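In what follows, a single structure is set out as structure tokens and then discussed.
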Amino acid sequence: MSEAILKVDGLKTSFFTDDGEVPAVDGINFSVNEGEILGIVGESGCGKSVTSLSIMGLLPSPPGKIVGGHIYYKGEDISHAKESRMRKLRGNDIAMIFQEPMTSLNPVFTIGDQLIEAIRLHNHLSKQALTDRAVELLKLVGLPRAKELLNEYPHELSGGMRQRVMIAMAMSCNPKVLIADEPTTALDVTIQAQILDLMVKLNKETNTAIIMITHDLGVVAQMCNRVVVMYAGKVVEEGDVKDIFNHPKHPYTEGLIQSIPDLYGKKDKLYTIKGSVPKPGSIRQGCLFAPRCEFVMDKCKENTPELLGDSHKSRCFLHQEQA
Amino acid sequence: MSEPLLQVENLKKYYPIKSGGFGKVSETVRAVDGVSFSVQEGETLGIVGESGCGKSTTGRMIMRLIEPTEGKIVFNGKNLMDLSKGEMRKARKDIQMIFQDPFASLNPRHTVGHIIEEPMIVHKMGDRKQRQKRVEELLELVGLSAYHAGRYPHQFSGGQRQRIGIARALAVRPKVIIADEPVSALDVSVQSQVLNLLKDLQKQFNLTYIFIAHDLSVVRHISDRVGVMYLGKIVELSESENLYNHPNHPYTKALLSAVPVPDPEVKTQRIILQGDVPSPAHPPAGCTFHDRCPVAMDICSKERPHLKKLDDGRMVSCHLFH
Ligand SMILES: Nc1ncnc2c1ncn2[C@@H]1O[C@H](COP(=O)(O)OP(=O)(O)OP(=O)(O)O)[C@@H](O)[C@H]1O
Ligand SMILES: Nc1ncnc2c1ncn2[C@@H]1O[C@H](COP(=O)(O)OP(=O)(O)O)[C@@H](O)[C@H]1O
Ligand code: SF4
Ligand code: SF4
Ligand SMILES: [Mg+2]
Ligand SMILES: [Mg+2]
């Protein structure tokens, strides 16, 4: 088995708001191996983006703060690293792409200005070499007219093209880990297919590990090797993609899979999970899924299950021998 | 087959836009460019397509919330285009709409009871007491409780707000409901609750739905027939089972193949389309899909195909089938 390059160990991130502490991420563990594609899946508000911002050192602070746990990159704890160290890591080792590419590109600079600046930060190259590298990167992400694009502004590009530019910028430093937070959620399905294809291709060619954050189980099934399922700030299940889809252990994972309408067959009635996701911190005792779980037992309301198991872990008493 | 409850014919919406600076020639955005379909009573017609293809514009034109540039909308044998503003307002009692963003579509300063009662006031239905009783019934009907009437929209989750939107649409006992991306803003676990509710209500009241969405699996689940739109036109329309299992139009094929299937054992053969959807201000000549179509022929850039009925009843707009 390959080496873990990034390891998140008991991470807790909270927001300190007027209403008190919001435990958005509440003690999560997972690791990413070199060259793999790890999916993090969960419904809105479960803490996916807060997790990625915590890793990148990009939490809005205040109000956000890492209040517990560690984040190891190649063995180094970066959870409280200085901004100067993080800036270096963000350029050279860990890169991120966001959901809405428009907000992460500066509208007043050309694509070329921004891409060349990103390359220049981490490479000492001549002006001509920088331009050549920029063109090369735009071609790498499958953009036509690469030379002309350098002189165009973000608003002149479509959403899919902008996301390709973002990927080009992220790849400009040959990162070891690429965190993609809902990179295709704002895109149409045919454009999504182009972008996902591109990401898989880059992963194969460059061996960059990808953390694919999404609410779409389809994207996970088609792209990822391993999956982490989050619910209300916690990891509830983790395992190989086939195990997760074929033998889900946690009732939440199973419910999610069952709730999706089928593209090819026709289910008469869809499976539903009753109720909705709880606000962070609103359930103080027992299993966070208990109010919605159809298998709930007495002990689920009193005791909090741990994330247990070897390669396929789940946080549910159904699969745990215990008193 | 019986008369359709609703029929639209050659519906068009053109927007003139000024391009560039002073003195520049104005252009035309063909948001919807000749859409025709019919819907039977109690049936669900799904409309799918990518962003900007004209789904919402089509839906809103049926209610004349957007005034069509051209075309006919025949409801119950009457052409809605012939109605005056006042008559049209009355006709809207029979055709109601549900929107995507349940938050934006509910007035935050009104109680839920008031929000659901409002369409009944507009259409002068019942007295105060009767209306309030109906509000309570409607709340129960959509899976909420009578006591919710006194609360405000922000006190509800996204899925609950969508239920409120559905209750409001049902208040005036419409025959047709046009649902524009009604579950797109919801999480999967809540989306399935709302989809089941819509199906139950349809059975109970023999409702006719026009269901607009970009999520192909959702549309498949809810629809009897499905129309696929590309650049303001319907390119394929058929019974949903048929359309999904045996797509004919090259665009439908690509669209379906692009959907990531939530099963790691199923590796779909994706047809990756090159480039983006062209601007509706400059649709390509001939078949508007020809610049991206993997099987385009010479004729495709010259002649425009038309939606044609095949022997098995499917409608396709493509030279391959002419
Ligand atoms: N008032 C307007 N003026 C000019 N163009 C418009 C106007 N309203 C809509 N359009 C254009 O018409 C086309 C169709 O828009 P419409 O909102 O119907 O798309 P849609 O299929 O509902 O897309 P989405 O999936 O993003 O909701 C788009 O290209 C849009 O930019
Ligand atoms: N700046 C903030 N201030 C307060 N709470 C926040 C902030 N950002 C996120 N949260 C809360 O943290 C939780 C997790 O959010 P997020 O990670 O964005 O979810 P998602 O899984 O959808 O990406 C949510 O309950 C959200 O409301
Ligand atoms: S621990 Fe209990 S309540 Fe929680 S998911 Fe398992 S069975 Fe359900
Ligand atoms: S008419 Fe030609 S270009 Fe258009 S979809 Fe058919 S084959 Fe493709
Ligand atoms: Mg997020
Ligand atoms: Mg729309």
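The values are calculated or read from the model by the stated rules, or taken from the named source; none is laboratory data. All figures in this text were calculated on a predicted structure; none of them were measured in a lab. Using ideal geometry, Cβ is built from the backbone for each residue, glycine included, and neighbour counts are taken over all protein chains shown. Side chains are part of the model used for accessible areas, which takes the heavy atoms of the whole protein and leaves out ligands, DNA and RNA. Shrake-Rupley method; radii C 1.70, N 1.55, O 1.52, S 1.80 Å.
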- Query: Is it true that some residue in region A:43-52 is on the phi > 0 side of the Ramachandran plot, at pLDDT below 95 and assigned to a loop (DSSP other than H, G, I, E, B)?
  - Reply: yes
- Item | Search result, residues across region B:277-303 that are touching a Ser or Thr at 6+ places or on another chain (Cβ under 9 Å) and aliphatic (A, V, I, L, M) | B:277, B:281, B:285
- Query: Would a scan of region B:221-235 turn up a residue that is out of contact with any Phe, Trp or Tyr (no Cβ under 9 Å at 6 or more places or on another chain) and without any contact (Cβ under 8 Å) to a residue 12 or more places away in the chain?
  - Reply: no
- Message: Looking only at region B:252-268, filter to residues that are facing another protein chain (nearest Cβ under 8 Å) and touching a residue at least 24 places away in the same chain (Cβ under 8 Å); which one of those is surrounded by the most Cβ atoms within 10 Å (Cβ to Cβ)?
- Response: B:255
- State yes or no: is residue A:229 within 16 Å of ligand 5 (Cβ to nearest atom) and either among the aliphatic types (A, V, I, L, M) or assigned by TED's automatic domain parsing to the domain that holds residue A:35 (or both)? yes
- Counting only strands (runs of 3 or more DSSP E) entirely within region B:1-95, those with at least 3 residues that are without any contact (Cβ under 8 Å) to a residue 40 or more places away in the chain and open to solvent by 40 Å² or more (accessible area, probe 1.4 Å) are B:6-18
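Every residue, every condition in (1) away from chain A (no Cβ under 13 Å); (2) open to solvent by less than 40 Å² (accessible area, probe 1.4 Å); (3) touching a residue at least 40 places away in the same chain (Cβ under 8 Å), yes or no:
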| site | (1), (2), (3) |
| --- | --- |
| B:142 | yes, yes, yes |
| B:152 | yes, no, yes |
| B:158 | no, yes, yes |
| B:163 | no, yes, no |
| B:170 | yes, yes, yes |
| B:174 | yes, yes, yes |
| B:177 | yes, yes, yes |
| B:180 | yes, yes, yes |
| B:184 | no, no, yes |
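Given region A:215-317, what helices (runs of 4 or more DSSP H) lie entirely inside it while holding 1 or more residues that are open to solvent by 50 Å² or more (accessible area, probe 1.4 Å) and of a type outside the set (Ser, Thr, Tyr)?
A:241-246, A:251-259, A:298-302
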- In region B:195-215, which residues are open to solvent by less than 10 Å² (accessible area, probe 1.4 Å) and within 9 Å of chain A (Cβ to nearest Cβ)? B:195
